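All remarks here apply to the structure that follows.
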Amino acid sequence: QVQLVESGGGLVQAGGSLRLSCAASGRTFSSDLMGWFRQAPGKDREFVGGISRSGALTRLADSVKGRFTISRANAKNTVYLQMNSLKAEDTAVYYCVAARSIAVLTTTPDYWGQGTQVTVSS
């Protein structure tokens, strides 16, 4: 079992920045691919990005490329989502996810956090 706890959400003005954190526990953190999904009101959950076990490789959705970055600190069992140049359309609940394969991570991750709300005012 993997437990994921997100933090760092909140209200920010358009153009601003936020950094989300996700603390993982339950098994060896470096054995998991980590990522983020989001769900806006009335919309399906959307893959935002993922990061490899070592942190050397990342994948980001086209909608956030150039604005968001993903990183991880394996010594701290934590993954981060740095969000810059935020737009109103980034408003959503953001979920931290974990999986053992990239195919699963980007579609139906095995483990989900409880989510943290990000609201961007225009």
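Points worth noting:
Condition check ((1) closer than 16 Å to residue 30 by Cβ; (2) in contact (Cβ under 8 Å) with a residue 60 or more places away in the chain; (3) of a type in the set (S, T, N, Q)) across all residues:
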residue	(1), (2), (3)
48	no, no, no
54	yes, no, yes
71	yes, no, yes
84	no, yes, yes
95	no, yes, no
99	yes, yes, no
111	yes, yes, no
114	no, yes, yes
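- Counted residues, the range 4-30 - those being of a type in the set (S, T, N, Q) and either closer than 17 Å to residue 110 by Cβ or without any contact (Cβ under 8 Å) to a residue 24 or more places away in the chain (or both): 3
- Filter result for residue 85 (within 20 Å of residue 40 (Cα to Cα) and at pLDDT 95 or above): yes
- Residue count for the range 53-70 satisfying the condition of being in contact with a Ser or Thr (Cβ under 8 Å, 6 or more places away or on another chain), surrounded by 12 or more Cβ atoms within 10 Å (Cβ to Cβ) and of a type in the set (S, T, N, Q): 2.
- Residue that is farthest from residue 48 (Cα to Cα) [pool: residues in the range 71-122 that are crowded, with 19+ Cβ neighbours inside 10 Å and among the charged types (D, E, K, R)]: 72
- Residue check, residue 72 in contact with a strand residue (DSSP E or B) (Cβ under 6 Å, 6 or more places away or on another chain), modelled with pLDDT of 95 or more and of a type in the set (D, E, K, R): yes
- Residue within the range 27-45 that is at pLDDT 95 or above, aromatic (Phe, Trp, Tyr), within 14 Å of residue 8 (Cβ to Cβ) and open to solvent by 30 Å² or more (accessible area, probe 1.4 Å) present: no
The values are calculated or read from the model by the stated rules, or taken from the named source; none is laboratory data. Computed from a predicted model, the values in this text were never measured in an experiment. Cβ sites come from the backbone with ideal geometry, for glycine too, and all protein chains shown count toward neighbours. Note: areas computed on protein heavy atoms with side chains; ligands, DNA, RNA excluded. Shrake-Rupley method; radii C 1.70, N 1.55, O 1.52, S 1.80 Å.
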